[in-house]
1. Once you charge only the Cβ atoms, +1 for Lys and Arg and -1 for Asp and Glu, what is the size of the charge dipole of region 1-44 about its Cα centre, to the nearest 20 debye?
2. By average Cβ neighbour count within 10 Å, what is the ranking of 57-68, 29-40 from highest down?
3. Rounded to the nearest percent, how much of the accessible area of region 1-44 (1.4 Å probe, protein heavy atoms only) is carbon and sulfur?
4. Please pull out the direction-averaged projected area of region 1-44, using the convex hull of its alpha-carbon atoms, in nm² to one decimal place.
5. Protein chains only, probe 1.4 Å: how do Tyr8, Tyr56 rank by accessible area, largest first?
6. What FRET efficiency comes out for Leu36 versus Met4 if R0 is 22 angstrom and r is the Cβ-Cβ distance? Round to the nearest 0.05.
7. Ignoring everything but the protein chains, give the 1.4 Å probe accessible area of Lys20 in square angstrom, nearest 10.
8. Please calculate how many Å² of accessible area region 1-44 carries per residue, with a 1.4 Å probe and no DNA, RNA or ligand atoms counted.
Amino acid sequence: MKKMNSAYRLQVIKEVATRKRLVEQGDPMACHISQLLDERSQASPLAEKHFSGCHYDAQVGGWVSNFWDAK
C-alpha cells in the first residue's frame with residue numbers, strides 16, 4: 001500500500017477531528033450538513049441517464065444497446 005502524502009494525511013485527520021467535535025457538541029445544523037455530505041459521498045456515482053439507443057444494465061456492469069433484444 002502506498003504511503004499517504006503528509007499534507008493529505010493531515011487534512012484527513014483534521015476533517016475527522018472536526019466531524020467528531022461537531023457530533024459531540026450537538027449542533028443540529030452542523031450535524032445535518034455533515035450527514036448530507038456523507039450521504040452524497042456514499043451515493044453511487046451511477047447516473048440514471050439514458051442515451052439514444054442504450055440503457056445501463058447492472059447485471060452486465062455497463063451500457064447495452066437497446067437493439068440487441070429487438071427481433
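1. Numbers: 8 positive and 5 negative charges, 77 e Å.
So the magnitude is around 360 debye.
2. Values: 57-68: 9.7, 29-40: 11.2.
Highest-to-lowest ranking by the protection proxy: 29-40, 57-68.
3. Working: 2510 of 4350 Å².
Reported share for carbon and sulfur atoms: 58 percent.
4. On the way: hull surface 16.3 nm².
Mean projected area of the Cα convex hull: 4.1 nm².
5. Working: Tyr8 125, Tyr56 85 Å².
If we order Tyr8, Tyr56 from most to least accessible, we get Tyr8, Tyr56.
6. After rounding, the FRET efficiency stands at 0.25.
7. Rounded to the nearest 10, the figure is 130 Å².
8. 99
The values are calculated or read from the model by the stated rules, or taken from the named source; none is laboratory data. Nothing here was measured: the structure is a model prediction, and the numbers come from that model. Positions of Cβ are generated from backbone atoms using ideal geometry, with glycine treated the same way; all protein chains shown enter the neighbour counts. Ligands, DNA and RNA are excluded from the accessible area calculation, which covers all protein heavy atoms including side chains. Shrake-Rupley method; radii C 1.70, N 1.55, O 1.52, S 1.80 Å.
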